[in-house]
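Have a look at the structure below, then the notes.
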Amino acid sequence: LMGGKCIVDSYQNYQIITYVSGGYLEQNCYLIVFSDKDVIVIDPGYDTEEIIDYVNKHGYIIKNILITHAHHDHLANAGLISEYFSIPCIIHPADRKLYKHASLYSMRFAGRPLKIAENIVWLDEKIINDLNLNGIEIISVPGHTQGGICIFYKNVVFTGDSIMKNCLGRTDLPEGNKELLVKSISKFFEIVFEKNISVIYPGHKEKWTIYEAFDWYKKSKKDF
């Protein structure tokens, strides 16, 4: 892995593989291995080229490529992986503008070229229903970006940059809205307890438990 690292978490009947990009961004890309051969890829950012070899080596089949939000560091290799496996990337349509500018932001903020994914499917009710068949649930969490989503599977949730260990996502970037994000996270905590979620996998930093997150949230929300 180019300058990054790989972490494997094994649960009772599935695995989560975390690819962490190198450099200052240290963005997390995730693979959910949820059956003998089926894989979901979430946020294939920089330094995730190794996913192609990993999937081929194990004979996995990528069912979906999901993007939690359209910032460049979360989809930097989405085009490469999408094209190689002929699998579309699923993005919330409210992030269409950010997606179109991803190459520009990549050069400006990361100093790296980015091949924008051409095979895009914009998230809608039909796609959400199809994902449910694989046990994947999606909720909208606008605020960090307008099209931010959280992705639920079994007892875990992937939050992108909406909430990370001991912080909420930035809202001073294009399409950010702090008031909206605070409302989204309040709703988020209601949902995670309804679903008995135990672990949060964020877009940056390490994973944390839902109880650690809620404890931090209760103590910190007066400062939001």
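The values are calculated or read from the model by the stated rules, or taken from the named source; none is laboratory data. Owing to the predicted nature of the structure, the values given are computational and were not obtained by experimental measurement. Here the Cβ is made from the backbone with ideal geometry for all residues, glycine too, and neighbour counts use every protein chain on show. Only protein heavy atoms, including side chains, enter the accessible area calculation; ligands, DNA and RNA are left aside. Shrake-Rupley method; radii C 1.70, N 1.55, O 1.52, S 1.80 Å.
Examine the stretch 126-142 for a residue that is over 19 Å from S21 (Cβ atoms), open to solvent by less than 50 Å² (accessible area, probe 1.4 Å) and in contact with a Leu (Cβ under 6 Å, 6 or more places away or on another chain), and state whether such a residue exists. For the stretch 126-142, residues over 19 Å from S21 (Cβ atoms), open to solvent by less than 50 Å² (accessible area, probe 1.4 Å) and in contact with a Leu (Cβ under 6 Å, 6 or more places away or on another chain): present.
Among the listed residues E83, E137, which satisfies the condition of being out of contact with any Ser or Thr (no Cβ under 6 Å at 6 or more places or on another chain), of a type outside the set (A, V, I, L, M) and over 22 Å from F193 (Cβ atoms)?
On the way: E137 fails: over 22 Å from F193 (Cβ atoms).
Going through E83, E137 in turn, just one is out of contact with any Ser or Thr (no Cβ under 6 Å at 6 or more places or on another chain), of a type outside the set (A, V, I, L, M) and over 22 Å from F193 (Cβ atoms): E83.
Just so you know, in the stretch 143-154 the residues that are over 18 Å from D38 (Cα atoms) and not in a strand (DSSP E or B) include one that is most open to solvent (accessible area, probe 1.4 Å), and it is Q146.
The residues of the stretch 173-214 that are of a type outside the set (S, T, Y), over 16 Å from the mean Cα position of the chain (by Cα), open to solvent by 30 Å² or more (accessible area, probe 1.4 Å) and more than 15 Å from H69 (Cβ to Cβ), listed by number, are K178, E179, V182, K183, K187, E190, F193, E194, K195, N196, E212, F214. Restricted to helices (runs of 4 or more DSSP H) entirely inside the stretch 1-112, those with at least 1 residues that are over 27 Å from D124 (Cα atoms) and modelled with pLDDT of 95 or more are 50-58.
Among the listed residues E212, E190, E179, identify the single one that is acidic (D, E), modelled with pLDDT of 95 or more and closer than 25 Å to L31 by Cα. Full working, then the answer.
Working: E190 fails: closer than 25 Å to L31 by Cα; E179 fails: closer than 25 Å to L31 by Cα.
Step by step, each of E212, E190, E179 is checked, and only E212 is acidic (D, E), modelled with pLDDT of 95 or more and closer than 25 Å to L31 by Cα.
Restricted to the stretch 48-73, and to residues there that are surrounded by fewer than 24 Cβ atoms within 10 Å (Cβ to Cβ) and of a type in the set (S, T, Y), the residue that is farthest from G135 (Cα to Cα) is Y54. Suppose the filter is hydroxyl-bearing (S, T, Y) and surrounded by 15 or more Cβ atoms within 10 Å (Cβ to Cβ); does Y217 pass it? Criteria met by Y217. Report yes if some residue within the stretch 124-132 is modelled with pLDDT of 95 or more and in contact with a helix residue (DSSP H, G or I) (Cβ under 9 Å, 6 or more places away or on another chain); otherwise report no. Checking the stretch 124-132: at least one residue is modelled with pLDDT of 95 or more and in contact with a helix residue (DSSP H, G or I) (Cβ under 9 Å, 6 or more places away or on another chain). Residues in the stretch 74-111 that are loosely packed, with under 15 Cβ neighbours inside 10 Å and farther than 24 Å from N177 by Cβ: E83, S86, M107, G111.
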